[in-house]
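K.L.:
There's a structure below that I have some questions on.
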């Protein structure tokens, strides 16, 4: 039972790079396990790309020392960090199973399960192909230039064996000469990697190709940056600036739990987005954007966001997010903390690292506020509900999403700002939200070795705010109350103004696009002129007041709220004319400005908040 004891020790540790250091030792103990004369199950994969140009990765899986007549292999239906069932099994083709050259029978028992009749064989081989042609940070992409393996959609695992280790051998396509991944090498071979369990494997994407690799040291950790595709990036500047971000974020938590960390960056004509992993992250970027200061700053924000996740989410996590159920949705009402707080830190970290000036930071913050306040769904969905419904709404937006949902990223970020200012003010600048994150990380990840509940995170906030936050949660987390921005910004001597408050301009309240030279309605804003008058999505607007439509802004230029117009449109191939009463454009354009006179207390809060 020696192996079981070691497994218990490892399982009590949250998944982390730390476990790699003991991987070989684990295998020794596993080999020594002689209970009932049974050798431990041994799992290995070989990945090849004979048809990379056609977007295929071929997988051969070997499982040795099995002792069961039926073996079910499963593929996750989602990938951690991206809360949508993506049905990765849909990409699996030409599945076969054999033992000693003899074909074994199998059947699909669920959409993502293959049950094999082993015939009593102790070793089996499974082969299958995976079609990889969806470009995103969360899905696999293979072509003649490179292979990106989002591992949860690549590797099958035996049912009941999530805690088993495995090795992965990669045979690259012609001309490819590098592998970038946080998985450890076996015998210093970059094309052979190992994973102590499937939680690690599914959280360790693999890039294979000719990526431009460079690195730096920061916070006692070796960092690798793998640039895939061309770009006008400056390596030396990136190394220096990313290192500042790493040091700043590490200072919040008091430790960096990795020994090695990998940034995989995919450069496209137009790219974006990121997905966090335990010891790496995958980023999308626009190849020519590094040369523009605003877009370069946005890239640094993305870096800061995904890297901050190595603590917040990957280790400090809502209790529902681990251990994972890879067959079903994993629900939590705390994505506003997991993602929203991270969205807040992506910019405040740049400010604290002096990578963004105070004025620019306040502009970024104003934009975040505008995103929340110009979303009609803020009056329909709470941020806690938005977190829970991420699986069915956040990643499946439709033409009405703006009217009935709120982003747990943007509103969570705004709430983090409010809480940060509340804590700084109430503690007389002794504490900040940083102290909450540090405490929760050490209390739950390090000490209790589990995730937190809703109530426990609230208690952590109250510990440093020194007050009960029931009202805050009732109004802003579970409720739909208007946010009192001036109360919280006032703590730091700022106020917020609406630059469009005095404008009295009308708006149809639609978004549109030109389709087949016709102005086609894409969305209708709740409560706006079009909403009230019955204009629908997919309507083709052909004229307003008899004038052929070219640009609604031009036609509405001399109109005012209350004016009546006639809209001529085509709906499902039939003409229709609707009378429309124009309503005032309800969108706001908030700007954060400093108060004329601020007190010593306000200056103290401001200095602490922005590290001036």
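The values are calculated or read from the model by the stated rules, or taken from the named source; none is laboratory data. These numbers come from a predicted model, not from an experiment. Cβ: placed from backbone, ideal geometry, glycine included. Neighbour counts: every protein chain shown.
K.L.:
Among the residues in the stretch 228-241, are any at pLDDT 95 or above, crowded, with 23+ Cβ neighbours inside 10 Å, out of contact with any helix residue (DSSP H, G or I) (no Cβ under 8 Å at 6 or more places or on another chain) and closer than 23 Å to residue 147 by Cβ?
P.N.:
Yes.
K.L.:
Go through 328, 370 for me and flag whichever is over 21 Å from residue 450 (Cα atoms), surrounded by fewer than 23 Cβ atoms within 10 Å (Cβ to Cβ) and touching a residue at least 60 places away in the same chain (Cβ under 8 Å).
P.N.:
370
K.L.:
Count, please, the residues in the stretch 464-488 that happen to be out of contact with any strand residue (DSSP E or B) (no Cβ under 6 Å at 6 or more places or on another chain) and buried (at least 16 other Cβ atoms within 10 Å of the Cβ). Let's see the steps before the verdict.
P.N.:
Residues of the stretch 464-488 that are out of contact with any strand residue (DSSP E or B) (no Cβ under 6 Å at 6 or more places or on another chain), as a first pass: 464-484, 487-488.
With the extra rule that they be buried (at least 16 other Cβ atoms within 10 Å of the Cβ), the set shrinks to 464-465, 469, 472-473, 476-477, 483, 488.
Within the stretch 464-488, residues that are out of contact with any strand residue (DSSP E or B) (no Cβ under 6 Å at 6 or more places or on another chain) and buried (at least 16 other Cβ atoms within 10 Å of the Cβ) number 9.
K.L.:
Would you be able to say whether some residue in the stretch 252-260 is farther than 17 Å from residue 349 by Cβ and surrounded by 19 or more Cβ atoms within 10 Å (Cβ to Cβ)?
P.N.:
Here is the first cut: in the stretch 252-260, the ones farther than 17 Å from residue 349 by Cβ are 257-260.
Restricting the remaining residues to those that are surrounded by 19 or more Cβ atoms within 10 Å (Cβ to Cβ) gives 257-258.
Within the stretch 252-260, one or more residues are farther than 17 Å from residue 349 by Cβ and surrounded by 19 or more Cβ atoms within 10 Å (Cβ to Cβ).
K.L.:
Taking residue 572 as meeting all but one of (1) at pLDDT below 95; (2) over 18 Å from residue 374 (Cβ atoms), write down the number of the exception.
P.N.:
In the conditions (1) at pLDDT below 95; (2) over 18 Å from residue 374 (Cβ atoms), residue 572 misses (1) alone.
K.L.:
Is at least one residue of the stretch 576-591 without any contact (Cβ under 8 Å) to a residue 12 or more places away in the chain and either in a helix (DSSP H, G or I) or under 41 Å from the mean Cα position of the chain (by Cα) (or both)?
P.N.:
no
K.L.:
Residues that are surrounded by fewer than 17 Cβ atoms within 10 Å (Cβ to Cβ), assigned to a helix (DSSP H, G or I) and in contact with a strand residue (DSSP E or B) (Cβ under 9 Å, 6 or more places away or on another chain): does the stretch 304-312 have at least one?
P.N.:
For the stretch 304-312, residues surrounded by fewer than 17 Cβ atoms within 10 Å (Cβ to Cβ), assigned to a helix (DSSP H, G or I) and in contact with a strand residue (DSSP E or B) (Cβ under 9 Å, 6 or more places away or on another chain): absent.
K.L.:
All but one of (1) free of Cβ contacts under 8 Å to residues at least 60 places away in the same chain; (2) surrounded by fewer than 21 Cβ atoms within 10 Å (Cβ to Cβ) hold for residue 97; which doesn't?
P.N.:
All conditions pass for residue 97, except number (2).
K.L.:
From the list 370, 403, 354, exactly one residue is closer than 21 Å to residue 419 by Cα and either not assigned by TED's automatic domain parsing to the domain that holds residue 521 or not in a loop (DSSP other than H, G, I, E, B) (or both). Which is it?
P.N.:
One residue alone meets the criteria, 370.
K.L.:
Follow-up. Just checking, does the stretch 430-446 include any residue being in a loop (DSSP other than H, G, I, E, B) and either without any contact (Cβ under 8 Å) to a residue 60 or more places away in the chain or outside the structural domain of residue 486 (by TED's automatic domain parsing) (or both)?
P.N.:
Yes, because at least one residue in the stretch 430-446 is in a loop (DSSP other than H, G, I, E, B) and either without any contact (Cβ under 8 Å) to a residue 60 or more places away in the chain or outside the structural domain of residue 486 (by TED's automatic domain parsing) (or both).
K.L.:
Among the residues of the stretch 71-87, is any free of Cβ contacts under 8 Å to residues at least 24 places away in the same chain and not assigned by TED's automatic domain parsing to the domain that holds residue 397?
P.N.:
no
K.L.:
Another one. Out of curiosity, is residue 598 assigned to a loop (DSSP other than H, G, I, E, B), outside the structural domain of residue 353 (by TED's automatic domain parsing), surrounded by 14 or more Cβ atoms within 10 Å (Cβ to Cβ) and modelled with pLDDT of 95 or more? Walk me through how you get there before you give the answer.
P.N.:
Working: assigned to a loop (DSSP other than H, G, I, E, B): yes; outside the structural domain of residue 353 (by TED's automatic domain parsing): yes; surrounded by 14 or more Cβ atoms within 10 Å (Cβ to Cβ): yes; modelled with pLDDT of 95 or more: yes.
Yes.
K.L.:
Inside the stretch 547-574, can you point out the residues that are touching a residue at least 24 places away in the same chain (Cβ under 8 Å) and in a strand (DSSP E or B)?
P.N.:
Within the stretch 547-574, 567, 568, 569, 570, 571 meet the criteria.
K.L.:
Looking at (1) without any contact (Cβ under 8 Å) to a residue 12 or more places away in the chain; (2) assigned to a strand (DSSP E or B), find the lone condition where residue 170 falls short.
P.N.:
All conditions are met except number (1).
K.L.:
Further, regarding this structure: Restricting to the stretch 44-84, name every residue that is surrounded by fewer than 16 Cβ atoms within 10 Å (Cβ to Cβ) and in a loop (DSSP other than H, G, I, E, B).
P.N.:
Answer for the stretch 44-84, where residues must be surrounded by fewer than 16 Cβ atoms within 10 Å (Cβ to Cβ) and in a loop (DSSP other than H, G, I, E, B): 50, 51, 65, 67, 68, 69.
K.L.:
How many residues does the stretch 441-456 contain that are crowded, with 20+ Cβ neighbours inside 10 Å and over 13 Å from residue 314 (Cα atoms)?
P.N.:
Taking the stretch 441-456 as the starting set, the residues that turn out to be crowded, with 20+ Cβ neighbours inside 10 Å are 441, 444-445, 451-452.
If we keep only those that are over 13 Å from residue 314 (Cα atoms) too, we end up with none.
Of the residues in the stretch 441-456, 0 are crowded, with 20+ Cβ neighbours inside 10 Å and over 13 Å from residue 314 (Cα atoms).
K.L.:
A follow-up question, please. Hey, does the stretch 488-501 have a residue that's part of a helix (DSSP H, G or I) and over 17 Å from residue 373 (Cα atoms)?
P.N.:
Scanning the stretch 488-501, I find at least one residue that is part of a helix (DSSP H, G or I) and over 17 Å from residue 373 (Cα atoms), so the answer is yes.
K.L.:
Does residue 401 satisfy the condition of being out of contact with any strand residue (DSSP E or B) (no Cβ under 8 Å at 6 or more places or on another chain) and either over 24 Å from residue 593 (Cβ atoms) or in contact (Cβ under 8 Å) with a residue 60 or more places away in the chain (or both)?
P.N.:
yes
K.L.:
While we're here: Need at least 3 residues that are surrounded by fewer than 22 Cβ atoms within 10 Å (Cβ to Cβ) and touching a strand residue (DSSP E or B) at 6+ places or on another chain (Cβ under 8 Å) per element, so show me which strands (runs of 3 or more DSSP E) inside the stretch 106-157 make the cut, counting only ones lying wholly within it.
P.N.:
Details: elements: 106-110, 113-117, 123-131, 141-143, 146-149.
Fully inside the stretch 106-157 and qualifying: 106-110, 113-117, 123-131.
K.L.:
Determine if the stretch 91-98 includes at least one residue that is in contact with a helix residue (DSSP H, G or I) (Cβ under 9 Å, 6 or more places away or on another chain) and not in a strand (DSSP E or B).
P.N.:
Within the stretch 91-98 (the criterion being in contact with a helix residue (DSSP H, G or I) (Cβ under 9 Å, 6 or more places away or on another chain) and not in a strand (DSSP E or B)), the answer is yes, since at least one residue qualifies.
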